[in-house]
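To start, the structure itself, in structure tokens.
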Amino acid sequence: MSATSATSASRVDAPRNSPSRVILASLIGTTIEFYDFYVYATAAVLVFPVLFFPTGNDTTALIASFATFGAAMLARPIGAVFFGHLGDRLGRKTTLVASLLTMGIATFLIGLLPTHENIGVWAAVLLLVLRLAQGFAIGGEWSGAALVATENAPAGKRAWYGTFPQLGAPLGFIIANMLFFVINNALADPEHPGVASEAFLDWGWRVPFLFSAVMVIVGLWVRLKLVESSAFENAKQGGKVTRMPLAVAFKHHWKALILGTFAMLATYVLFYLMTSYTLTFGTRPGLEAAQTAAEAAGAPFDAAAYVPGLGYSYNEFILMLVFGVIFFGIFTLVSGPLADRFGRRRTLIAVTAAIALFGFTFVPLLGGGTAAVMFFLALGFTLMGLTFGPMGAFLPEMFPTNVRYTGSAVAYNVSSILGAALAPIIAVWLWGLADGSPVFVGIYLTGAAVLTLISLILAPETKDIDMEA
């Protein structure tokens, strides 16, 4: 028998997961993970500044709340290393089940937390601990879901299959925010529209966190039915599984780690500006409305410290955001066939250039009335789908099988620190620096896009690589 024949005989010939199982397993887990993340993001705007960070200054409380939101990004690379090690050593299935279970438990426990009124500063400490647990879990979730999709994809359709774990982001957003919308609307105080009611602040905000347990049970049931991909089984049978995937990734694939990290930068900055920042900016009252509210409450108003927004109610703006996120979902799926046909690198370069230009639309569109704001959201989320979708294939394809989980997870999650962890905090600071204008926020996005463009120009095209290698 020839060497080639012997090698072929030792390989697993085909993926043993059906296309429907692959798509569902990669989609449902990321939907749950992003649902959990968005539930926290929404609560960080509506609830946590009041219940966990009552500083007496609205802007300071908001920044403190966003700081815990961003703290999860610091835990994500640690989770990427831990779960990446498990995924490259033990397999994708076991790791995906562990990451989903960790995320679900942390989210459920947030829904049971006592507030600052009950236990003082310890409430914020416990919230931070559970938020770090969320970040730790999601550090291993995305890469595993992307690998399940791409390592089981038919020839020529890896980018298309890779969009399904990405689709979990818009689906998770819609489910989380519509649940908050329904609960907030059902518990609203008719005498104080647009203000969180006592019932909502008391227990209503907890329901979306507790509901995550139901979704996790469904996700676990789906994932436990998975079998390993042929790529991992071939690496295992061929003795290519490495004892220290992180060390191998840094020693032999450091360039891919750096380029992959910065390739995701603009995606992350855009992602959190279009969700957390726009929700804050959209629902923040204008200066005159804030002054009137303070006078009605008989409280002093510090105009110099106040950062004004667009003045929409939460219910109004969340529906506007959901409208925009529909474009996110549609164009996430559209991006897959484009990346399969034209290549990942070329597609991403074109979209990132458009994101750089989009940064200059913040002032004219966000200050142009409801129609302009709606167009801004539709355009921004369209670009989000087009840049996020191809990443499900592009990052895993940059690494060989024996370090693919670790390499793609580290690049994806280190980028979350540079992009997502700092984005909400930087945006609020830049927003205040410009006296309520989003001009510097848009320039910040453009700067991130330029860095991503440089990394994409230096990166190789991965469309035709062999993922069995």
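Sort out which residues of the range 14-27 are surrounded by fewer than 24 Cβ atoms within 10 Å (Cβ to Cβ), modelled with pLDDT of 50 or more and of a type outside the set (S, T, N, Q), and write them in order of number.
Restricting attention to the range 14-27, the residues satisfying the condition of being surrounded by fewer than 24 Cβ atoms within 10 Å (Cβ to Cβ) are 14-24, 27.
Next cut, modelled with pLDDT of 50 or more only: 16-24, 27.
Selection gives Arg16, Pro19, Arg21, Val22, Ile23, Leu24, Leu27.
All but one of (1) modelled with pLDDT under 80; (2) surrounded by fewer than 20 Cβ atoms within 10 Å (Cβ to Cβ) hold for Leu226, so report the exception by its number.
(2)
Take the conditions more than 25 Å from Gly447 (Cα to Cα), of a type outside the set (A, V, I, L, M, F, W, C), at pLDDT 75 or above and under 21 Å from the mean Cα position of the chain (by Cα) and apply them to Gly324. Does it pass?
Answer is no for this residue.
Could you please find all residues in the range 165-180 being more than 15 Å from Ile326 (Cα to Cα) and touching a Gly at 6+ places or on another chain (Cβ under 8 Å)?
Within the range 165-180, just Pro165 meets the criteria.
Out of Phe37, Phe82, Phe48, Phe108, I need the residue that is among the hydrophobic types (A, V, I, L, M, F, W, C) and more than 29 Å from Gly282 (Cα to Cα). Which one?
Numbers: Phe37 fails: more than 29 Å from Gly282 (Cα to Cα); Phe48 fails: more than 29 Å from Gly282 (Cα to Cα); Phe108 fails: more than 29 Å from Gly282 (Cα to Cα).
On inspection, the qualifying residue turns out to be Phe82.
Those residues that are basic (Lys, Arg) and more than 30 Å from Val248 (Cα to Cα), I need them from the range 86-121; list them, please.
Once the filter is applied, which keeps residues that are basic (Lys, Arg) and more than 30 Å from Val248 (Cα to Cα), the range 86-121 yields nothing.
Quick one: which of Ala378, Ala421 is within 18 Å of Met274 (Cβ to Cβ), in contact with a Gly (Cβ under 7 Å, 6 or more places away or on another chain) and at pLDDT 95 or above?
Ala378
Do we have Leu357 as modelled with pLDDT of 95 or more, surrounded by fewer than 16 Cβ atoms within 10 Å (Cβ to Cβ), assigned to a helix (DSSP H, G or I) and more than 18 Å from the chain's Cα centre (by Cα) here?
yes
Against the conditions (1) modelled with pLDDT under 90; (2) buried (at least 24 other Cβ atoms within 10 Å of the Cβ); (3) of a type outside the set (Lys, Arg), where does Thr406 fall short? Just the number, please.
Going through the list (1) modelled with pLDDT under 90; (2) buried (at least 24 other Cβ atoms within 10 Å of the Cβ); (3) of a type outside the set (Lys, Arg), Thr406 breaks only (1).
Please enumerate the residues belonging to the range 77-121 that are out of contact with any helix residue (DSSP H, G or I) (no Cβ under 9 Å at 6 or more places or on another chain) and either hydrophobic (A, V, I, L, M, F, W, C) or assigned to a helix (DSSP H, G or I) (or both). Before the answer, list the steps.
Applying the first criterion (out of contact with any helix residue (DSSP H, G or I) (no Cβ under 9 Å at 6 or more places or on another chain)) to the range 77-121 yields 90, 118, 120-121.
Once the filter is applied, which keeps residues that are out of contact with any helix residue (DSSP H, G or I) (no Cβ under 9 Å at 6 or more places or on another chain) and either hydrophobic (A, V, I, L, M, F, W, C) or assigned to a helix (DSSP H, G or I) (or both), the range 77-121 yields Leu90, Asn118, Val121.
Looking at (1) small (Gly, Ala, Ser); (2) surrounded by 23 or more Cβ atoms within 10 Å (Cβ to Cβ); (3) touching a Ser or Thr at 6+ places or on another chain (Cβ under 8 Å), which one does Ala153 not meet, given that it meets all the others?
Going through (1) small (Gly, Ala, Ser); (2) surrounded by 23 or more Cβ atoms within 10 Å (Cβ to Cβ); (3) touching a Ser or Thr at 6+ places or on another chain (Cβ under 8 Å) one by one, Ala153 breaks only (3).
The values are calculated or read from the model by the stated rules, or taken from the named source; none is laboratory data. What you see is a predicted model; the values in this text were computed from it and never measured. Ideal geometry is used to build each Cβ from the backbone, glycine not excepted, and the neighbour counts take in all protein chains shown.
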